[in-house]
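Here's the structure, in structure tokens; my notes come after.
The values are calculated or read from the model by the stated rules, or taken from the named source; none is laboratory data. This one's a predicted model, so the numbers in the text were calculated from it and none came from an experiment. Cβ sites come from the backbone with ideal geometry, for glycine too, and all protein chains shown count toward neighbours.
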Amino acid sequence: MERTLDLNAEVTLDMMKVYVEAPEASPELKDSLKKLLGIHKSLVDLTEEQVSMRRRLVDFKERMDELHAQILTLQAVKTGGELMSHLKTKMKDISDRVQKTTIQIVDQEEKIMLARVQFQDALAELTLPDALAGGRPVTKK
């Protein structure tokens, strides 16, 4: 019997967690699965953090557009000098935040890529006991 597990599915990860907690599981396999689950958790956390950063970036860009429109309106009216300088200061602040968040997203992409490589490497190194071969480990290919 051959069984394929989707490691992106929550049910698969839950099954692996249950197996790791089972007393009859082999210590070597438990350690390998714990490592694999740990890498996967960090990958999920990094991805969620990146999604949050992207949302924040969209909010910042929307705010910049609003400020730009307000500044253009004030320029057309030729009044509101104090308000104009306040809006320009706000716009610079938001622009700095956009730049900082963009750099963070790029850094996050790198971390995600490294975590994916670690996960794939740990998965490639995973060996499972072959029930038909008397418990002899079988290397995953």
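Assorted remarks:
- Of the criteria (1) surrounded by 11 or more Cβ atoms within 10 Å (Cβ to Cβ); (2) among the aliphatic types (A, V, I, L, M); (3) more than 16 Å from residue 51 (Cα to Cα), which one residue 76 fails: (1)
- Residues that are touching a Lys or Arg at 6+ places or on another chain (Cβ under 9 Å) and at pLDDT below 80 within segment 91-141 comprise 126, 127, 128, 129, 130, listed in sequence order.
- Selection count, segment 91-131, where residues are in contact (Cβ under 8 Å) with a residue 12 or more places away in the chain and surrounded by 12 or more Cβ atoms within 10 Å (Cβ to Cβ): 24
Residues are listed down the side, and each one gets a yes or a no for (1) within 23 Å of residue 118 (Cα to Cα); (2) part of a helix (DSSP H, G or I):
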{"residue": "25", "(1), (2)": "no, no"}
{"residue": "43", "(1), (2)": "yes, yes"}
{"residue": "49", "(1), (2)": "yes, yes"}
{"residue": "58", "(1), (2)": "no, yes"}
{"residue": "63", "(1), (2)": "no, yes"}
{"residue": "67", "(1), (2)": "no, yes"}
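- Residue 6 being without any contact (Cβ under 8 Å) to a residue 12 or more places away in the chain and touching a helix residue (DSSP H, G or I) at 6+ places or on another chain (Cβ under 9 Å): yes
- Single residue of segment 79-121 satisfying the filter (assigned to a helix (DSSP H, G or I) and of a type in the set (Ser, Thr, Tyr)) that is farthest from residue 45 (Cα to Cα): 85
- Residues of segment 61-78 classified as of a type outside the set (Lys, Arg) and under 23 Å from residue 46 (Cβ atoms), total: 0
- Here 67, 33, 29 are screened, and the one residue that is surrounded by 16 or more Cβ atoms within 10 Å (Cβ to Cβ), in contact with a Pro (Cβ under 9 Å, 6 or more places away or on another chain) and over 23 Å from residue 110 (Cα atoms) is 29.
- Number of the exception - residue 23 against (1) in contact (Cβ under 8 Å) with a residue 24 or more places away in the chain; (2) over 16 Å from the mean Cα position of the chain (by Cα): (1)
- Qualifying residue in segment 52-60 (condition: charged (D, E, K, R) and more than 14 Å from residue 101 (Cα to Cα)): no
- Just one residue in the set 88, 41 is surrounded by 11 or more Cβ atoms within 10 Å (Cβ to Cβ), at pLDDT below 95, in contact with a helix residue (DSSP H, G or I) (Cβ under 7 Å, 6 or more places away or on another chain) and not acidic (Asp, Glu); that residue is 88.
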